[in-house]
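K.L.:
Quick one: structure below, then a few questions.
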Amino acid sequence: MTVYRKIARPLKNEYPAYSQHYFDLIKTDKDILQEMHNNFFQLKELIYSIPEEKLFYRYAEGKWTIKEILVHNIDDERIFAYRALRYARNDNTPLHGFEENHYAKYSNANARSLDSIFEEYWSVRLSTLLLFQNLSEESFMRSGGGIDTDGEIKNVRTVRALAYHIAGHELQHIKVIKEKYLDV
């Protein structure tokens with residue numbers, strides 16, 4: 001069993017205020033990688049317990065299906081892990097955001113099997129865990145941000161805040177699945 005390194009919870013000045021609701025869902029102050037590891041398997045167990053027809057349910061027009069949420073989580077994790085890699089390597093070149101609704105629309109998620117989605121999900125998760133596990137200690141405080149349409153730098157995050165973002169973002173979507181799709 002892998003023993004994951006401890007990564008301290010970021011301070012509020014290390015991430016944009018709009019991300020706070022993700023951070024509020026995180027239970028740990030240091031074992032974020034272990035939480036990410038465990039959450040993957042808990043999410044997988046939850047999803048496989050859902051009747052197949054529910055995987056295609058939309059609770060309102062324009063909302064994503066559960067399969068689209070899963071692939072969205074994969075996309076988001078890939079993008080934010082890539083940002084963490086760039087910032088950790090001291091490349092703070094501003095990065096553009098991504099249009100999550102376009103990603104979901106063109107993801108082909110609903111045509112995929114759950115097995116294929118979770119195979120990709122685990123591959124991305126393992127890559128993310130290994131990235132954060134093997135970063136140098138000083139890299140966790142490096143940071144970078146996005147560039148808005150006016151060319152201004154915004155949404156600056158530290159590398160450690162990106163680890164917590166990935167975990168909290170996933171927890172937010174688990175919460176939405178339970179509340180909006182399953183009435184759990």
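The values are calculated or read from the model by the stated rules, or taken from the named source; none is laboratory data. Just so we're clear, the structure is a prediction, and the values are computed from it rather than from any experiment. Cβ coordinates were reconstructed from backbone atoms using ideal geometry, including for glycine residues, and neighbour counts include every protein chain displayed. Note: accessible area is taken over every heavy atom of the protein model, side chains too, but ligands, DNA and RNA are not part of it. Shrake-Rupley method; radii C 1.70, N 1.55, O 1.52, S 1.80 Å.
K.L.:
Could you look through segment 1-27, keep only residues that are closer than 18 Å to A84 by Cβ and of a type in the set (S, T, Y), and pick out the one that is least open to solvent (accessible area, probe 1.4 Å)?
P.N.:
Only one residue fits best here, namely S19.
K.L.:
Can we say F118 is in contact with a helix residue (DSSP H, G or I) (Cβ under 7 Å, 6 or more places away or on another chain), touching a residue at least 12 places away in the same chain (Cβ under 8 Å), of a type in the set (A, V, I, L, M, F, W, C) and not in a helix (DSSP H, G or I)?
P.N.:
Here the answer is no, as F118 does not meet what is asked.
K.L.:
Still on this structure, I have one more. Can you name every residue in segment 28-42 that is open to solvent by 70 Å² or more (accessible area, probe 1.4 Å) and in a helix (DSSP H, G or I)?
P.N.:
Listed by number, the residues that qualify are F41, Q42.
K.L.:
While we're on this one: For segment 170-181, state whether one or more residues are farther than 30 Å from K54 by Cβ and in contact with a helix residue (DSSP H, G or I) (Cβ under 7 Å, 6 or more places away or on another chain).
P.N.:
no
K.L.:
Is it the case that some residue within segment 132-147 is of a type in the set (S, T, Y), at negative phi, crowded, with 21+ Cβ neighbours inside 10 Å and assigned to a strand (DSSP E or B)?
P.N.:
Taking every residue of segment 132-147 in turn, none turns out to be of a type in the set (S, T, Y), at negative phi, crowded, with 21+ Cβ neighbours inside 10 Å and assigned to a strand (DSSP E or B).
K.L.:
May I ask you to list the residues in segment 43-65 that are part of a helix (DSSP H, G or I), over 15 Å from the mean Cα position of the chain (by Cα) and not basic (K, R)?
P.N.:
E45, L46, I47, Y48, E52, E53, L55, F56, listed by residue number.
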